[in-house]
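Contents: one structure, followed by commentary.
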Amino acid sequence: MADHPRPRRRGQGELEALVLSALRTADGPATAGWVQEHLGGDLAYTTVITILTRLLDKGAVTRERAGRSFVWTPAADQAGLAARKMRKVLDAESDREAVLASFVTGLEPDDERLLRALLGHTPADGDEED
Amino acid sequence: MGVFVFLPLVLPLTAWPVARLAEQHLHPRTATRLLTGVAAVMALCSTVCLALAMVVGTAQLPGNPLPDGWSDPEVRAAVPYDEVAGQAAIPALCAVVTACARELWRHGRVRRRAHRALAGLPGTSVAVLPDAVPYAYALPGGRRDRVVVTTALLACLEPAERRALFAHERAHLAARHHRFLLTVRLAALANPFLRPLRTAVSYTAERWADEAAAGAVGSRRTVATAIGKAALVSRGTPAATLAGLAAPGPVPRRVAALLGPAPAVRRRPPVFTSVGLAAWGAAVGTAVSVMSSANSAVTMFLVLKAATPL
């Protein structure tokens, strides 16, 4: 540090944004070490951990235990991650209707024709209700 | 007890007519409850009978842990064709128990995994997943019941149709349809003659949710178009097939039913119609099934008690 010009002291928000953007460039969950490395070693490991923990409190990131440390995921990516996990669950079940009552089931070719006829040939605004 | 001990194994046949007629002639809620109840009772009775025959069969095996007196001729006389029936009941009951245990385990596993997949998301009742594959389903249990839907499915629906979709899935959750579905699946594993009831209930439960959704959004046609659009956009989805159904498949039948008049809510079907007679036939079959299995169980208990040296 002695021969370096002392880095400008950055605000908390700025550091959090830096860490978060670094995490977003990761391909999947990343460790704090990866984040630190990706930020160019500019920040101490403990600082990265502190910032990540602060982001966790804010709900901006999530973490999962992997071995002895944690891996971190930006929260904005959670929906995509959940979608991928869900697809894995569903694809593993050969007969998922057995467990999950899904909205529609598959269509046979005849069904498709029948369905188009049903939807096409009824009065569009003749909605009488009981 | 004579051949009565075997009656509950074949009495599920008396429920076939109502399984066939209920979906068109009864309100889906009535049909679901009736068929599930019949299936549950008949499956239980048929399993009791298998267990009774198995006791007799096991007692004849060399080295069995049962009391010696249980292989006496008096006990064996309680079950007709005791040699064949007793021996056949052992693998049959093992198969039933294994299949049911596997089904329960699988049910729990899929639900657990699905909840775990959603664990990172905020705990809202609807989970919208960014996915190019269109699907939607109701996920019961966990910290709270959830409706899972993908952006691909929502994108193809109008706002009113989305409301219909959510109302449909919420109806599944509110009425605990997964319990009906699990019950009939287990029943069909316990006695293969109950399979038509399983097929019928998985259809009537969907119809029940459709009708509830139609009530919630105030338009039967909106629900029909939502189902139609969702089915057309998700065709070719490899995992979403329910093969082996006679044409026309369940989706066009549901749409056609929604485009027709609303089903009448009746306490019980009128007696002198085909569906009324079928329902009564199934009720009588269930009652006979209960009586003969109860009779067999009591008789067997007394016979075994008399044969057990104290």
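Quick look at the values:
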quantity	calculated
Filter result for B:R116 (basic (K, R), more than 7 Å from chain A (Cβ to nearest Cβ) and either more than 15 Å from A:R84 (Cα to Cα) or crowded, with 19+ Cβ neighbours inside 10 Å (or both))	no
Checklist (1) away from chain A (no Cβ under 14 Å); (2) surrounded by 15 or more Cβ atoms within 10 Å (Cβ to Cβ) applied to B:Y81, failing item	(2)
Candidates B:P122, B:P159 - the one that is at pLDDT below 90, more than 23 Å from the chain's Cα centre (by Cα) and not β-branched (V, I, T)	B:P122
Among (1) part of a helix (DSSP H, G or I); (2) modelled with pLDDT under 95, the one test that B:A188 misses	(2)
Single condition A:V61 does not satisfy, out of (1) touching a residue at least 40 places away in the same chain (Cβ under 8 Å); (2) at the interface with chain B (Cβ under 7 Å from one of its Cβ atoms); (3) not charged (D, E, K, R)	(2)
Test: residue in the stretch A:105-122 that is part of a loop (DSSP other than H, G, I, E, B), more than 7 Å from chain B (Cβ to nearest Cβ) and at pLDDT below 75	yes
Yes/no for B:A127 being of a type in the set (A, V, I, L, M), surrounded by 19 or more Cβ atoms within 10 Å (Cβ to Cβ) and under 12 Å from A:M86 (Cα atoms)	yes
Matching residues in the stretch B:133-149 - criterion: being at the interface with chain A (Cβ under 10 Å from one of its Cβ atoms) and either out of contact with any Cys (no Cβ under 8 Å at 6 or more places or on another chain) or in a helix (DSSP H, G or I) (or both)	B:V133, B:Y135, B:A136, B:Y137, B:A138, B:L139, B:P140, B:V147, B:V148, B:V149
Residues that are at pLDDT below 85, under 29 Å from B:P8 (Cβ atoms) and surrounded by 14 or more Cβ atoms within 10 Å (Cβ to Cβ), drawn from the stretch B:245-300	B:L245, B:P269
Any hit, the stretch B:197-204, residues being in a helix (DSSP H, G or I), in contact (Cβ under 8 Å) with a residue 24 or more places away in the chain and in contact with a strand residue (DSSP E or B) (Cβ under 7 Å, 6 or more places away or on another chain)	no
Qualifying residue in the stretch B:207-218 (condition: among the basic types (K, R) and assigned to a helix (DSSP H, G or I))	yes
Test: B:R111 is within 13 Å of chain A (Cβ to nearest Cβ), in contact with a Pro (Cβ under 8 Å, 6 or more places away or on another chain) and under 22 Å from B:L181 (Cβ atoms)	yes
Helices (runs of 4 or more DSSP H) (entirely within the stretch B:1-91) containing at least 2 residues that are farther than 19 Å from B:S293 by Cα and among the polar types (S, T, N, Q)	B:28-60
Subset of the stretch B:8-40 (residues that are of a type in the set (A, V, I, L, M), more than 30 Å from B:A262 (Cα to Cα) and surrounded by 21 or more Cβ atoms within 10 Å (Cβ to Cβ))	B:L9, B:L11
Residue match in the stretch B:150-164 (condition: under 19 Å from B:P28 (Cβ atoms), at the interface with chain A (Cβ under 9 Å from one of its Cβ atoms) and in contact with an Asp or Glu (Cβ under 7 Å, 6 or more places away or on another chain))	no
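The values are calculated or read from the model by the stated rules, or taken from the named source; none is laboratory data. For clarity, every value in this text was computed on a predicted model and none was experimentally measured. Cβ atoms come from the backbone with ideal geometry, glycine included; neighbour counts cover every protein chain shown.
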